[in-house]
Each structure stands twice: as structure tokens, then as C-alpha cells.
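S.K.: After the C-alpha cells below, expect a handful of questions from me.
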Amino acid sequence: QVQVVESGGGLVQPGGSLRLSCVVSGLTLDFRAIGWFRQAPGKEREGVLCISATYGVTYYLDSVKGRFTISRDNAKNTVYLQMNSLKLEDTAVYYCAASSSSKCDFESFDFWGQGTQVTVSS
């Protein structure tokens with residue numbers, strides 16, 4: 001049984017940092033793309049970042065370039081999302097998902113976590 005579990009969310013002030021973790025059980029990550037997505041209240045879910053051993057890093061959102069980075073530790077089956085210089089508009093539920101392939105195609109993610117809340121507020 002595949003399990004995807006995110007953690008690390010919380011309340012942070014504008015300009016602050018958070019690191020989210022995604023632990024995947026039941027499959028190995030070596031040849032799968034892993035993506036981070038987010039959904040703000042009243043808005044559609046959007047892709048943030050994706051990482052693949054074959055194709056590297058894909059930025060779905062230009063607004064997070066220079067602020068967010070994604071990395072993976074295949075031995076621990078864990079993917080991280082480092083978020084710096086956080087802004088109010090980054091407030092959302094953040095989801096981790098594993099793709100059915102090594103590509104970061106938006107429609108190819110099969111396994112999803114429950115989400116972790118990130119709130120940026122003064």
C-alpha cells in the first residue's frame with residue numbers, strides 16, 4: 001500500500017522560511033517524479049515544483065523561482081521543499097504527489113498525500 005505523508009507546515013511571518021518533507025512508503029523514488037502542489041482557499045490546485053532523477057527540476061510557477069527549492073533523498077524515500085522569503089500569497093495547503101512516470105507532466109501524478117497547511121501572516 002502506497003502512503004504519501006507531508007509534514008513541516010505551520011505559521012510563519014512574511015520573509016520567513018519553512019521546510020516541508022514528503023515521505024513515501026510502498027514504492028521507491030529513484031525513477032519517479034515527485035511534485036509539490038498547493039491550493040489556497042477558493043482557488044484551484046496548482047503545481048509548484050517537481051523533481052525527477054532523469055529530467056531534473058521543473059518549476060511550475062515562476063513566482064517561486066529564487067525562493068523555493070526542491071530536493072530528494074532516495075535512500076530515505078523523502079522529498080523536501082525548502083521555502084524562503086515567504087509571502088502572504090504563499091498561504092495554502094501544500095500537497096506532495098508521486099508521478100506514474102519519470103516526467104513532471106501535470107496529469108501523471110497517481111499518489112497524493114493529505115496535505116500540510118502553510119500560513120504566512122504577520
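S.K.: Averaging the inverse of every distinct alpha carbon separation and then flipping it gives the Kirkwood radius. What is it for segment 81-122, in angstrom units? Mind dumping the intermediate values first?
M.R.: Working: mean 1/r = 0.0831 Å⁻¹.
Computed over Cα pairs of segment 81-122, the Kirkwood hydrodynamic radius comes out at 12.0 Å.
S.K.: Now, a different point. Checking the cross-link filter: which lysines have an alpha carbon closer than 28 Å to that of LYS103, excluding same-chain neighbours under 8 positions apart?
M.R.: LYS43, LYS65, LYS76
S.K.: Something else now. Show which aspartates and glutamates lie in cross-link reach of LYS87 when reach means a straight Cα distance below 15 angstrom and same-chain residues fewer than eight apart are skipped.
M.R.: Reachable aspartates and glutamates: ASP62.
S.K.: Specify, per residue and in Å³, the volume enclosed by the convex hull of the alpha carbon atoms belonging to the chain.
M.R.: Numbers: hull volume 11.2 nm³, N = 122.
Dividing the Cα hull volume of the chain by its residue count gives 92 Å³.
S.K.: With labels modelled as points extended 7 Å from the Cα through the Cβ direction, what inter-label distance (nm, one decimal) is found for LEU88 paired with PHE106?
M.R.: It is 2.7 nm.
S.K.: Might you tell me the accessible area per residue for segment 1-92, computed with a 1.4 Å probe and given in Å²?
M.R.: 52 Å²
S.K.: Turning to a different aspect of this structure: May I ask you to evaluate 6.51 cos²θ - 1.76 cosθ + 1.60, the Karplus curve with θ = phi - 60°, for each residue of segment 28-37 and list the ³J(HN,Hα) values in order in whole Hz, giving x for glycine and proline?
M.R.: Residue by residue, segment 28-37 yields 9, 9, 3, 10, 10, 7, 10, x, 10, 10 Hz.
S.K.: Tell me the net charge near VAL57. Cut-off is 11 Å between Cβ atoms, VAL57 excluded, with +1 for each Lys or Arg and -1 for each Asp or Glu.
M.R.: Charge balance near VAL57 sits at +2.
The values are calculated or read from the model by the stated rules, or taken from the named source; none is laboratory data. Every value quoted in this text rests on a predicted model; they were computed, and no experiment measured them. As a convention, Cβ positions derive from the backbone with ideal geometry for all residues, glycine included, and neighbour counts pool all protein chains shown. The accessibility values were calculated without ligands, DNA or RNA, using every heavy atom of the protein model including side chains. Shrake-Rupley method; radii C 1.70, N 1.55, O 1.52, S 1.80 Å.
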